[in-house]
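I have placed the structure first, in the form of structure tokens, so that the comments after it can refer back to it.
The values are calculated or read from the model by the stated rules, or taken from the named source; none is laboratory data. The structure displayed is predicted, hence computed values, not measured ones. With ideal geometry, Cβ positions are generated from the backbone for all residues, glycine too; neighbour counts draw on all protein chains shown.
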Amino acid sequence: MAWFKRVNPSIRPTDKRDMPEGLWWKCDECGAMLHKKQLEDNFFTCSKCDHHFRISPYKYFSLLFDDEKYSEFDDQLRAADPLGFTDTKKYPDRVYDTIEKSGKTEACRNAHGESGGQPLVISAMDFGFIGGSMGSVVGEKIARAVDKSLELNAPLLVISQSGGARMMEGAFSLMQMAKTAARLTRLSERKLPYISLLTDPTMGGISASFAMLGDLNISEPKALIGFAGPRVIRDTIKRDLPEGFQRAEFLFDHGFLDRIIHRRDLKTELVSLLGMLKV
């Protein structure tokens, strides 16, 4: 039974824009109207309230790799249908429709290059593909990113952006939690740094596995991070939650994160951290 399938990468759809069309965009946090050029110049963050818009893996690659030069790998993997799952539509139809509408082919992309002159492997998730959910392909890509780090003797950065496990793959999806966690131990054995960057949102099985296993766990400001959502927790325990519960700042204050970094400072801080961890 196949958990994922390979396709000819030459026939993959062209990636479309991951931000809305138009010259003006509205901030989801404060409602400010932001011009396209202003938003791009500010690293896709709001100049009024510092809200961090969700961005695609390619934008992170351009931001973090030197001169925007990098090589993508393992982009030929596509989701299979191991359970023959159907909800309001068949799972293969949902995947196909998502690819057609978004131009994205999976919820994770891998690339390697140099950052600050140092070799680096990045595995970045994408909320724009079925909520960034982790299915077998995502687990396999992260595992292969670890293998690439071992091959290149390079640090690994995983950028999490996900609602959790992909229910359409059932237990096959949940198995990726153990798979990725186990594969990461190989980096530890080789003393290669693993940095986990948690962005908005990082939830469910992602936060319960590789997202919290970094040698350093860092986050963008105000990112929602947790297992179950705040509303589910509130309804379960029948109590009001602390202010800012499950936001990056709350987790930092309680020792779950090592640092919160604004996107404009991300590359500078990453290069500095990699220099500190270099052995």
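For segment 240-273, the tally of residues that are of a type outside the set (Asp, Glu), at negative phi and at pLDDT below 95 stands at 3.
Taking the criterion of being over 30 Å from Leu152 (Cβ atoms), polar (S, T, N, Q) and in contact with a helix residue (DSSP H, G or I) (Cβ under 8 Å, 6 or more places away or on another chain), the only residue of segment 56-100 that qualifies is Thr98.
Highlighted here are the strands (runs of 3 or more DSSP E) found entirely within segment 58-158 that include at least 3 residues which are touching a residue at least 60 places away in the same chain (Cβ under 8 Å): 77-79, 118-125. Being crowded, with 24+ Cβ neighbours inside 10 Å and not acidic (Asp, Glu) is a property that Gly132 has. Is there a residue being buried (at least 23 other Cβ atoms within 10 Å of the Cβ), part of a strand (DSSP E or B) and at pLDDT 95 or above anywhere in segment 44-51? Checked against the condition, which is being buried (at least 23 other Cβ atoms within 10 Å of the Cβ), part of a strand (DSSP E or B) and at pLDDT 95 or above, segment 44-51 yields no hits at all.
Looking for something touching an Asp or Glu at 6+ places or on another chain (Cβ under 7 Å), crowded, with 18+ Cβ neighbours inside 10 Å and not in a helix (DSSP H, G or I) - is there at least one such residue anywhere in segment 247-259? No, there is no match, as no residue in segment 247-259 is touching an Asp or Glu at 6+ places or on another chain (Cβ under 7 Å), crowded, with 18+ Cβ neighbours inside 10 Å and not in a helix (DSSP H, G or I). Which one of these does Lys222 not meet: (1) free of Cβ contacts under 8 Å to residues at least 60 places away in the same chain; (2) over 30 Å from Gly117 (Cβ atoms); (3) part of a loop (DSSP other than H, G, I, E, B)? Every condition holds for Lys222 apart from (1). Taking residues in segment 264-277 that are assigned by TED's automatic domain parsing to the domain that holds Pro155 and outside any helix (DSSP H, G or I), and partners anywhere that are at pLDDT below 95 and surrounded by 13 or more Cβ atoms within 10 Å (Cβ to Cβ), not one pair has Cβ atoms closer than 8 Å while being at least 6 places apart or on different chains. Looking at segment 105-121, which of the residues that are surrounded by 22 or more Cβ atoms within 10 Å (Cβ to Cβ) and among the charged types (D, E, K, R) is farthest from Ser133 (Cα to Cα)? Here the answer is Arg109.
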